[in-house]
Amino acid sequence: MPERKKLRIGLLTGGGDAPGLNAVIRAVVIKAQALGHETLGFICGWRGMLNKEYVVLTRKEVEDIQREGGTILGSSRTNVSKIPNGFEIVKANMAELGLDALVAIGGEDTLGVAAKLHAAGGHVVGVPKTIDNDVNCTDYTFGFDTATNRAMEALDRLHTTAKSHRRVMVVEIMGRHAGWITLHAGMASAHFVLIPEVEYDLDELCRQIKQRHSNGAVYTMVAVSEGFENKDLARRIMHSAEKDDFGHVRLGTGIGVGQALAEEIEDRTGLETRHVVLGHLQRGDPPPSTACWARARGSRLWR
Ligand code: F6P
């Protein structure tokens with residue numbers, strides 16, 4: 001049999017961290033090493049690629065990391081398209097380092113850059129990651145499951161305080177312009193779910209909340225996605241003016257949709273209302289495979 005060419009593979013993680021990133025890093029490194037290939041891990045996403053900042057990854061560096069949340073390589077929202085001659089720099093760095101291929105693990109922004117690099121002749125594999133679950137041609141991105149479970153658990157816990165105090169509780173959930181986390185967690189544990197993909201009239205929402213309460217309900221849980229838009233809320237919302245490299249406004253800062261909606265509901269219904277912004281709590285966790293990992297440990301897959 002002809003001898004297989006030994007490859008040098010680059011690996012990077014970009015965008016918001018998500019549980020499961022380390023498991024993917026580990027899988028790539030272990031598989032590559034088993035086939036005799038070498039893996040270089042670039043620090044903080046595309047920034048490391050542009051600066052040639054990397055570490056050599058072997059089985060030793062990635063041992064057991066699948067149980068940790070976040071990413072051992074670090075992440076950033078560096079946008080190669082925004083850097084003058086960014087793609088030329090990346091291609092030149094790849095050539096200089098002798099990289100045969102690059103594995104980019106990220107969401108729509110990181111993979112958007114990866115797609116452009118591919119179109120410019122680079123050998124790139126994209127791995128879909130984001131808690132938001134909004135990557136094209138993919139049913140589920142990793143990170144989504146954990147974030148949804150965290151949001152659902154938070155909603156579950158907030159029921160008791162809302163009920164004890166006879167309040168309406170508004171819970172703002174991450175997802176930028178995609179409502180998947182809010183939809184799944186909210187269907188499991190809220191009375192009302194508001195997502196960016198569906199218009200919702202606030203008069204109608206408040207009418208239904210009041211009706212619930214006049215029918216005997218003593219509290220109401222509302223799950224709202226951070227990207228939910230409504231003209232009546234717009235006048236109350238005040239986000240930080242700061243934008244990231246991809247032009248995204250920082251949601252969940254200043255007066256976000258959760259607070260605006262809570263104020264609007266209280267004003268319109270007269271019911272005491274509180275809001276909670278879950279924010280980054282939804283991202284900071286080990287992936288759900290930990291239990292599976294413990295169970296599978298004895299199996300031949302892990303030897
Ligand atoms: O894209 C993942 C995500 O968690 C979004 O749901 C959220 O709007 C955004 O990242 C927050 O970004 P950052 O961590 O940069 O504040």
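Our note on the geometry: Cα centres of the stretch 9-67 and the stretch 88-154, 13 Å apart. Taking the DSSP beta bridges with both ends in the stretch 34-174, the antiparallel portion is around 40 percent.
Counting every other Cβ atom within 10 Å of each residue's Cβ, W180, W46 order from fewest to most as W180, W46.
Pull up the DSSP beta bridges for the stretch 1-74 and report the antiparallel fraction as a percent, rounded to 5. Once the DSSP bridges in the stretch 1-74 are tallied, antiparallel ones form about 50 percent. Principal-axis analysis of the Cα atoms of the chain puts helix 21-34 at an angle of about 20° to the longest axis. With R₀ fixed at 45 Å, the C-beta to C-beta distance from I89 to D156 puts the FRET efficiency at about 0.40. Using 0.36 nm per residue and subtracting the Cα-Cα separation, the extra length available between D244 and R166 on full extension is 24.1 nm.
Counted by Cβ distance under 11 Å from E266, the other residues give a net charge of -1, where Lys and Arg count +1 and Asp and Glu count -1. Couplings 3J(HN,Hα) for the stretch 138-155, derived from phi with the Karplus relation 6.51 cos²θ - 1.76 cosθ + 1.60 (θ = phi - 60°), are 9, 6, 10, 9, 7, x, 5, 4, 5, 4, 5, 5, 5, 5, 5, 5, 4, 4 Hz, where x marks Gly and Pro. Between L202 and N136, the distance separating the two model label sites (each 7 Å from Cα on the Cα→Cβ line) works out to 3.5 nm. Helix-only arithmetic for the chain: the sum of -39500 (n - 2.57) across DSSP H runs with n ≥ 4, divided by the residue total, places the mean residue ellipticity at 222 nm at -11500 deg cm²/dmol. Each Lys and Arg adds +1 at its Cβ and each Asp and Glu adds -1 at its Cβ; summed about the Cα centre, the chain shows a dipole of about 1020 debye.
For the residue pairs K60/K116; K82/K231; K60/K82; K5/K60; K5/K82, the alpha carbons lie more than 30 Å apart in K60/K116; K82/K231; K60/K82; K5/K82.
With one equal scatterer per alpha carbon and no solvent term, the Debye-computed log10 I(q)/I(0) for the chain at 0.10 1/Å reads -0.63. Counting other Cβ atoms within 10 Å as a rough exposure proxy, the listed residues H165, H184 run H165, H184 from fewest neighbours to most.
Values in this text are rule-based calculations from the coordinates and carry no lab data. Just so you know, these numbers come straight off a predicted model, no measurement behind them. So basically every Cβ, Gly included, is an ideal-geometry build from the backbone, and we count neighbours across all protein chains shown.
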